[in-house]
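Scroll down for the structure; my scribbles are underneath it.
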Amino acid sequence: MVSGAAASTSFDVVAELKAVVPDETEDPAPEEEERVSAQALLILVSLLIAALLTSYYLQRWRIRSVHETVLSIFAGMGVGLVLRFSTGSYIKRMVTFDHTIFFNMLLPPIILNCGYNLQKTSVARNIPSVLTFAFVGTVVSAVVIGVLVQIYSFTGIESIGFSLLDSLILGTILSATDPVTILAVFEQLRVDPKLFSIIFGETVFNDAVAIVLFATLSALRSAGEDFSLAAVPHMMASFMFVFSASLLVGVATGVFMSLLCKHLRLYEYPSIEASLALLLPYQAYLFSNAIDLSGIVSLLFCAATMRQYAYKSLSVKSKRTTRYLFHLLSGLAENFVFIYLGISLFTSEDVLFRPVFIVYVMISTCISRYSAIFPLSHVLNAIFKYRHPSAPSSAQPVTHEEQTMLFWAGLRGAVAVALASEVSGQNGPLLRTTVLCVVVLSVAIFGGTTPQVVHLLGIRTGVPQPDSSDEEAQALTRDTPAKSAGRSWPVKQRPPSPPYKSAPSPPVSQQSVS
C-alpha cells in the first residue's frame, strides 16, 4: 500500500512534466536548461521522499518480508518507464545514471560511514576470513565470471563476441558486491555480530579490490593489449602499488586530522572541528582519484584511522555530530542510488538487451559467488583447525550456515553499474545493459528474500549490537564536570539528599507533610 502511494505520487509529477516539457530530441535553450534540470531533480527528490516515508512505515509496522531498497528500485523503474515514453531526451539524460555523479557525490558518503563505523564491528577479530574473502574471493569471482562469459562468446549465441580481456573486465565489474541492502537488513534483525562483521568487512574491502582490479585491466585495454599470462606479474605489481599507495594516502590524512585535533584547540569550535572531519577524508578521496590511485581505498582507511585516533580527541558535540551526520548522508545516498538505478534501466539511451545472455551472466554470477565462498571457507576452517596454540582464539571457523548467508549476501549494486558506465567500445552498450539488469535482479531476488533466508538457516537474531551511544554518555559525564559551587560530580548527576540517603523515598503524602 505504501509503495503504491509512492508510485502514484511519482506518476503525478511525471504527468505534470509531460504538459510542460516539449517532446524534443535536442537540448533545450540556455534559458530553459535551468527549468528542465529543476524538473529532473524534482522527480528524483520526490521519489527519495517517498522512499523515506516507505522506510518509516516498513519499520513501524515491522514488515521484514520486503526491504525499502527493493521498493525504491522498482519505483524508479516505474517512473523511468513513464519518462521513456512521455518526455524529451534531455530530461531523460538528466535522470539517467551518471558515473561521475556517483563516484564524486554518492559513493563517498557511503564509504565514509562504513570506514567511520569500522571500529564498532568486530572486523579485527575475524580479519583472516575478511581478507581472504575480500582479496582472494574477489579475484576468484572475477576469473570464474570471465571464463564463463568467454565460453558463451565462443558458442556464438546471439552473435556476442567478447575478447578474453573484455570477459575479465565484465567479471571484475560483477565481482563488486553491494553492502547496502544486506547490512540494513542485518541491523534491523540484529544478527550474530560475528556474521555481521565478516559480511561488513568483506563487502567494504571487496569494492575497493574490485575497483583497483578494474582500473588495472582498463589500463591494459587502453594500451591496446590483450590479456595473457605474461601480463599477470605486471598486473599484480600494479595492483599492489595502487592499493598500497592509496592506503598510505588515507592513513596519512587520518593521522594528520588526529594531530590537528590533539595539538589545536579545535574542541572550542565544534562546527569547524566537525567540518574538518568531513572534508579531510573527502580531500583524500579526490586526491587519490586525481593521481590515478584508488579514492575508495584512501577514503576507507582515512575514516577508519580517524575513528581510531582522532575520534578520541573530538569534543562531545563533534562526536555526536560526525556519527549522525555521516550516517544521515550515507542513508540518503544509498536510497538515492537505488532510485537512480531503477530509473536508468529504462531511460538509458544505448540500451542493448540480450535476454539469454543476461540470464547466463546472472547464473554465472551465482556460480562465481559459490566458488569464492565455499572452497575458501573449507580452506580457512582447515587452517583454523590446525592453528598454533598461540594463535588468537577469535579465529573461529565459518559454519555452513554462515557460508550460505555469505553466498546469499553477494548481491550486486551501484559500484558495478558505475564501473560499467566507464566501459567504451563496441561491446559497451551490451555490457552496461547486462550489468544493470543483473544488479536489479540480484537486489530483487537476494535482497528481497534475505530476512526469510536468515530465519530458515537458524541464524541468531535479536543479539545486542555494540553501540557508541554508551561511549558518548561516558564521555559526557567524564569530560564536562560541573564547576559550580566547587562541586566535583559530573553534570546530570545530583548529590544525594541527606534525609533519603539510605532510606527509600516515602509516599507522596508523607513528603508533603514533611
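What percent do you get for the relative contact order of the range 65-193 when only Cα pairs under 8 Å and 6+ apart count?
23
Which peptide among 409-421, 435-447 comes first, and what is the full order, when sorted by highest mean count of other Cβ atoms within 10 Å?
Sorting 409-421, 435-447 by mean packing, highest first, produces 409-421, 435-447.
At residue 235 and residue 374, where each label point lies 7 Å from the Cα along Cα→Cβ, what is the point-to-point distance in nanometres?
Taking the two extended label points, one gets 2.6 nm.
Name the residues whose placed amide hydrogens come within less than 5 Å of the amide hydrogen of residue 177, ignoring near sequence neighbours (fewer than 5 apart) on the same chain.
Counting only residues 5 or more places away or on other chains, the set is 207.
Quick one: Kirkwood hydrodynamic radius for the range 126-190, alpha-carbon pairs, angstrom, one decimal?
It is 13.6 Å.
Rg to Rh ratio, the range 288-377, alpha-carbon atoms and Kirkwood radius?
Reported Rg/Rh (Cα atoms, Kirkwood Rh): 1.13.
Apply the Karplus curve 6.51 cos²θ - 1.76 cosθ + 1.60, θ = phi - 60°, to the phi angles in the range 169-183 and return the couplings in whole Hz, x for Gly and Pro.
Computed from phi, the couplings for the range 169-183 are 5, 4, x, 5, 4, 7, 7, 7, 8, 10, x, 5, 5, 4, 5 Hz.
From the mean inverse distance of alpha carbon pairs (Kirkwood) and the Cα radius of gyration, derive Rg over Rh for the range 53-188.
Reported Rg/Rh (Cα atoms, Kirkwood Rh): 1.04.
By average Cβ neighbour count within 10 Å, what is the ranking of 199-211, 99-111 from highest down?
Highest-to-lowest ranking by the protection proxy: 199-211, 99-111.
Please give the charge dipole size of the range 345-440, origin at the Cα centre, charges +1 on K and R Cβ atoms and -1 on D and E Cβ atoms. Round to the nearest 20 debye.
About 280 debye.
Have a look at 311, 377, 409 and report the one farthest towards the positive end of the charge dipole of the range 297-435, computed about the Cα centre with Cβ charges (Lys/Arg +1, Asp/Glu -1).
Final value for the positive-end residue is 311.
Under unit Cβ charges (Lys, Arg +1; Asp, Glu -1), what dipole magnitude, rounded to 20 debye, does the range 229-346 have relative to its Cα centre?
520
What is the ratio of the Cα radius of gyration of the range 98-463 to 2.2 N^0.38 Å, where N is its residue count, to two decimals?
In units of the globular-protein estimate, the range 98-463 measures up at 0.99.
Quick one: Karplus J couplings for the range 258-265, per residue in order, coefficients 6.51, -1.76, 1.60, θ = phi - 60°, nearest Hz, x for Gly and Pro?
Those phi angles translate into 5, 5, 4, 5, 7, 9, 9, 8 Hz.
Note down the Stokes-Einstein diffusion coefficient of the range 137-275 in µm²/s, whole number, using a Kirkwood radius over alpha carbon pairs, 37 °C, and 0.692 mPa s.
Result for D is 180 µm²/s.
Considering Cα pairs under 8 angstrom that are at least six residues apart, work out the relative contact order of the range 98-463 and quote it in whole percent.
Value for the range 98-463: 29 percent.
With each label point set 7 Å from Cα along the Cα-Cβ vector, what nm distance links residue 52 and residue 356?
4.7
Round to a whole number: what % of the accessible area of the range 98-463 belongs to carbon and sulfur, probe 1.4 Å?
Of all accessible area on the range 98-463, carbon and sulfur atoms account for 68 percent.
How would you rank 297-309, 142-154, highest first, on the average number of other Cβ atoms within 10 Å across their residues?
297-309, 142-154
The values are calculated or read from the model by the stated rules, or taken from the named source; none is laboratory data. In this text, all values refer to a predicted model and were calculated from it rather than measured experimentally. Glycine gets a Cβ as well: all are built from the backbone with ideal geometry, and neighbour counts include every protein chain shown. Side chains are part of the model used for accessible areas, which takes the heavy atoms of the whole protein and leaves out ligands, DNA and RNA. Shrake-Rupley method; radii C 1.70, N 1.55, O 1.52, S 1.80 Å.
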